[in-house]
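The values are calculated or read from the model by the stated rules, or taken from the named source; none is laboratory data. This is a predicted model, so every value here is computed, not measured. Every residue, glycine as well, gets a Cβ built from its backbone with ideal geometry; the counts of neighbours run over all protein chains shown.
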């Protein structure tokens, strides 16, 4: 029997015995330079962890074996093992919505062999061989970021129609995509869990008007099938998924339909299998060698004990250039909370600000601040050892070796630095932490495994912080106020309920039809 996930009196992890030890550990390590820690080869090699070809190198983080042991004590005191067990047991750990968290079932072997998955695959194959030249996925948040990121990540495996992702209610986003498409040869997929998301449904209505006589070919991915049917989508073109699949965790479900059309059902199945392999590792590996557990605890260490408020994710893989944006939503929407899962105000910070972009371009922009600025930003540097999907003539492998050299060099330079007191503008203090995450090649399996790793890192840190990582009530107020502003613009209500400057700005808008 799984013990309750909430332990009274543990709302604040900083009250644990381990936290007191970690504060002392942090004070000691603040005075220890990373170049000295790296000089200890036994320590450094002992901080490299592997799962098959996936390798996570923590040697450039300001931790020792003692730090990690104490972080594991923190995990034990905050009930991490019981919380993970409750997650996999299907308990209703999403307490504010009274739901289980079931996105992992979407990539499991049972689902990959199900009639639902076969139906989704059949539809994808039909579209891939049906003369469709363009597919436009209309969604927002998790209904856009996940699939768009995976399509980019697996661009070397693309073999279907041209794929487009539209999320912004800014009309130029949809307009500029549709301007390059032909209605008779375009499939529009409307992806919305509730089929009421304001931005998505406005774009869907515009796309329906553009399709004209071909509007009957639209498809929908939703957890609200009846609403989609009432809107006008044919029943046999509606693909359902469970209410317990949160938007930012949903790309594994029918939300991944555009990816399946893009790369084919076989590659999409491999993506799911890679994620499922990471699920098994997360569920069964001892915490002292469990990649998501170690990385999740390290995120808590840097945020709460080292005082580092941001976290950079830098993929040295151009096709993973959207991964930081996806990870930003994953972490900040999941763990951007200031109350516990039971609604008790927390006394500690939670999510860092997640940001980043692809290397090597970033080395010639904001890496200046990372090396010599006043703020220390821990990084994840992601790099595959081999390129994939490069079929043109030329020595492309040499360029990839240069890419890998740059990734390693940045991690080394950030950690070790280069003191130069005589020329302060050339002084590199170093002592800036990073983690190198590497793998063999960015196959669908490897990409699925990597994404599931980041999902579980978010879950681990959320469990330790004591928040509900599976709701997102923080996005609701802005939606309510947007409807109020729309009503003011439409002349349906006065501007009394908004600030004077907001009313002044809205008054500058052209009247409907004048733009």
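Looking across the stretch 314-335, just one residue is part of a loop (DSSP other than H, G, I, E, B) and surrounded by fewer than 19 Cβ atoms within 10 Å (Cβ to Cβ), and that is 321.
With respect to residue 232, determine if the residue is surrounded by fewer than 24 Cβ atoms within 10 Å (Cβ to Cβ), assigned by TED's automatic domain parsing to the domain that holds residue 137, more than 23 Å from the chain's Cα centre (by Cα) and closer than 19 Å to residue 168 by Cα.
no
With the structure loaded, tell me whether residue 273 is without any contact (Cβ under 8 Å) to a residue 24 or more places away in the chain and either more than 17 Å from the chain's Cα centre (by Cα) or surrounded by fewer than 24 Cβ atoms within 10 Å (Cβ to Cβ) (or both) or whether it fails that test. Against the criterion (without any contact (Cβ under 8 Å) to a residue 24 or more places away in the chain and either more than 17 Å from the chain's Cα centre (by Cα) or surrounded by fewer than 24 Cβ atoms within 10 Å (Cβ to Cβ) (or both)), residue 273 does not qualify. Return a yes/no flag: does the stretch 318-339 have any residue that is in contact (Cβ under 8 Å) with a residue 60 or more places away in the chain, farther than 20 Å from residue 455 by Cα and not assigned by TED's automatic domain parsing to the domain that holds residue 140. Yes, there is a match, as at least one residue in the stretch 318-339 is in contact (Cβ under 8 Å) with a residue 60 or more places away in the chain, farther than 20 Å from residue 455 by Cα and not assigned by TED's automatic domain parsing to the domain that holds residue 140. Residues of the stretch 92-116 that are part of a helix (DSSP H, G or I) and either touching a strand residue (DSSP E or B) at 6+ places or on another chain (Cβ under 9 Å) or surrounded by fewer than 13 Cβ atoms within 10 Å (Cβ to Cβ) (or both): 109, 110, 115, 116. The single condition among (1) without any contact (Cβ under 8 Å) to a residue 60 or more places away in the chain; (2) surrounded by 14 or more Cβ atoms within 10 Å (Cβ to Cβ); (3) farther than 21 Å from residue 170 by Cα that residue 241 does not satisfy is (1). Filtering the stretch 372-385 down to residues that are touching a residue at least 12 places away in the same chain (Cβ under 8 Å) and surrounded by fewer than 18 Cβ atoms within 10 Å (Cβ to Cβ), which residue is nearest to residue 57 (Cα to Cα)? Once the filter is applied, the top-ranked residue is 385.
The set of residues in the stretch 418-432 being touching a helix residue (DSSP H, G or I) at 6+ places or on another chain (Cβ under 7 Å) and either surrounded by 13 or more Cβ atoms within 10 Å (Cβ to Cβ) or under 21 Å from residue 359 (Cβ atoms) (or both) consists of 428, 430, 431, 432. Considering each residue of the stretch 423-444 in turn, at least one proves to be assigned to a loop (DSSP other than H, G, I, E, B), more than 30 Å from residue 26 (Cβ to Cβ) and free of Cβ contacts under 8 Å to residues at least 60 places away in the same chain. For the stretch 343-371, a tally of residues being in contact (Cβ under 8 Å) with a residue 40 or more places away in the chain and farther than 30 Å from residue 98 by Cα returns 11. State the number of residues belonging to the stretch 466-492 that are surrounded by fewer than 13 Cβ atoms within 10 Å (Cβ to Cβ) and over 30 Å from residue 83 (Cα atoms). Residues in the stretch 466-492 being surrounded by fewer than 13 Cβ atoms within 10 Å (Cβ to Cβ) and over 30 Å from residue 83 (Cα atoms): 7 in total.
Note on the stretch 120-154: residues that are part of a helix (DSSP H, G or I) and either in contact (Cβ under 8 Å) with a residue 24 or more places away in the chain or in contact with a helix residue (DSSP H, G or I) (Cβ under 8 Å, 6 or more places away or on another chain) (or both) total 19. Within the stretch 342-356, being in contact with a strand residue (DSSP E or B) (Cβ under 9 Å, 6 or more places away or on another chain) and surrounded by 18 or more Cβ atoms within 10 Å (Cβ to Cβ) holds for 351, 352, 354, 356.
Does residue 451 qualify as being in contact (Cβ under 8 Å) with a residue 60 or more places away in the chain and out of contact with any strand residue (DSSP E or B) (no Cβ under 9 Å at 6 or more places or on another chain)? Taking the combined requirement at face value, the residue satisfies it. Suppose the filter is more than 19 Å from residue 455 (Cβ to Cβ), in contact with a strand residue (DSSP E or B) (Cβ under 8 Å, 6 or more places away or on another chain) and surrounded by 17 or more Cβ atoms within 10 Å (Cβ to Cβ); does residue 311 pass it? It is false that residue 311 is more than 19 Å from residue 455 (Cβ to Cβ), in contact with a strand residue (DSSP E or B) (Cβ under 8 Å, 6 or more places away or on another chain) and surrounded by 17 or more Cβ atoms within 10 Å (Cβ to Cβ).
Determine, yes or no, whether residue 108 is within 23 Å of the chain's Cα centre (by Cα) and at positive phi. Criteria not met by residue 108.
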